Amino acid sequence: MNMAQQAEPAAGTPPASGPGGRDGRTAERSLALRILARPEVGVFLGAVAVLVFFLVAAPAVRQGGSMATVLYQSSTIGIMALPVALLMIGGEFDLSSGVAVVSSALTASMLSYQLTLNVWVGVIVALVVSLAVGAFNGWMVVRTGLPSFLVTLGTFLILQGVNLAVTKLVTGNVATDDISDMDGFDQARKVFASSFDVGGVQVKITVVWWLVFAALATWVLLRTKYGNWIFAVGGNKDSARAVGVPVNFTKITLFMAVGLGAWFVGMHQLFSFNTVQSGEGVGQELIFIAAAVIGGCLLTGGYGSAIGPVFGAFMFGMVNQGIVYAGWNPDWFKAFLGVMLLGAVLINLWVQRTATRR
């Protein structure tokens, strides 16, 4: 049973009543506590506040094309924030997720171009490589008992160096070659980087994939045995192991899910720009983690949702583009992110204390 479920009163338990019968104020408080127990409540209210703020401060945001850009910016963060959030609920971090995106794109691009293969071959090999990196991270964590912070920091440095060194060795440059004229490119572009028209506004396919992945993650987290395992290992792995939860399997597969997300975002970048800069990705892992934290996931594990990071990623996209549409200095973006992160942590702390208050 996950923590959000634990915060709700047991089914069939009547509200407290006084001498005159049922106390309406007590019943109302019980409903409020049930709502507050949801980890995505705070970030939802925050996302609404940020949206209203920029609708007023930046009139350009009200245009359909501007909102499509905001959603696109949010989706590229949100797709990765989802598996990162699940991993955090499971009690672990992955600091290599940002450069893993670039590693995946580089693998697909260089393999296809240098060996003159159909780009789908590169896409499939990149998927295998991404899953292998995730499995390695998970295996190292469960095998050695080292904190995932240290393990994935090592992987981050390894991938960063390999990305630069191998790209220069193979292509003689810091970027890969253009693959837009290769076999299979157009079909892959339709899957990973196409757009479609909605009322005269071009919307990126990543927005659809983002929402589909969010729905799938929510279903897994709240309606499957594996979702219960995630909450259990994040709450207390020793207790989870004692009741038969496959702790090692759960943690390794969660790291592999991050690898899967990195692969998908990497393919989107490759087929959007036709080439990849090998030095990119550094720092993006903090954005993914921050979106999950703002979305209600605790740094200590065992608590969170898949819906919260959706709103967290939307806030990032809204602030990032809203500052531009408002005509402000974009240097303020990082300051906004810091304020949002600290605010989210304080709100999450208040929600937890309120929801558990008797």
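The values are calculated or read from the model by the stated rules, or taken from the named source; none is laboratory data. Keep in mind the model is a prediction, meaning the values are calculated, not measured. Every residue, glycine among them, receives a Cβ derived from its backbone with ideal geometry; neighbour counts consider all protein chains shown. These accessible areas exclude ligands, DNA and RNA; they are computed on the full protein's heavy atoms, side chains included. Shrake-Rupley method; radii C 1.70, N 1.55, O 1.52, S 1.80 Å.
For the residues 198, 212, 203, 247, the requirement of being farther than 21 Å from residue 152 by Cα and open to solvent by less than 60 Å² (accessible area, probe 1.4 Å) singles out 203.
The one condition from (1) of a type outside the set (D, E, K, R); (2) open to solvent by less than 20 Å² (accessible area, probe 1.4 Å); (3) modelled with pLDDT under 90; (4) touching a Lys or Arg at 6+ places or on another chain (Cβ under 8 Å) that residue 54 does not meet is (4).
To keep it simple, each residue is scored yes or no on (1) buried (at least 21 other Cβ atoms within 10 Å of the Cβ); (2) closer than 23 Å to residue 300 by Cα.
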{"position": "219", "(1), (2)": "no, yes"}
{"position": "268", "(1), (2)": "yes, no"}
{"position": "271", "(1), (2)": "yes, no"}
{"position": "275", "(1), (2)": "no, no"}
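Of all the numbered requirements in (1) surrounded by fewer than 19 Cβ atoms within 10 Å (Cβ to Cβ); (2) under 26 Å from residue 143 (Cα atoms), residue 227 misses one, and that requirement is (1). When residue 68 is tested against (1) open to solvent by 20 Å² or more (accessible area, probe 1.4 Å); (2) within 30 Å of residue 326 (Cβ to Cβ); (3) among the hydrophobic types (A, V, I, L, M, F, W, C); (4) under 24 Å from the mean Cα position of the chain (by Cα), just one condition goes unmet, and that condition is (1). For beta carbons closer than 7 Å, sequence separation of 6+ or different chains, a first residue in the range 321-339 that is over 20 Å from residue 293 (Cα atoms) and touching a residue at least 12 places away in the same chain (Cβ under 8 Å) and a second that is open to solvent by 80 Å² or more (accessible area, probe 1.4 Å) and in a helix (DSSP H, G or I), the qualifying pairs are 323/332.
Residues satisfying the criterion are absent from the range 1-23 (criterion: at pLDDT 75 or above, surrounded by 16 or more Cβ atoms within 10 Å (Cβ to Cβ) and not in a helix (DSSP H, G or I)). Condition first: at pLDDT 90 or above, under 19 Å from residue 192 (Cβ atoms) and touching a Gly at 6+ places or on another chain (Cβ under 7 Å). Can you find one or more residues in the range 269-280 that meet it? No; the residues of the range 269-280 include none that is at pLDDT 90 or above, under 19 Å from residue 192 (Cβ atoms) and touching a Gly at 6+ places or on another chain (Cβ under 7 Å).
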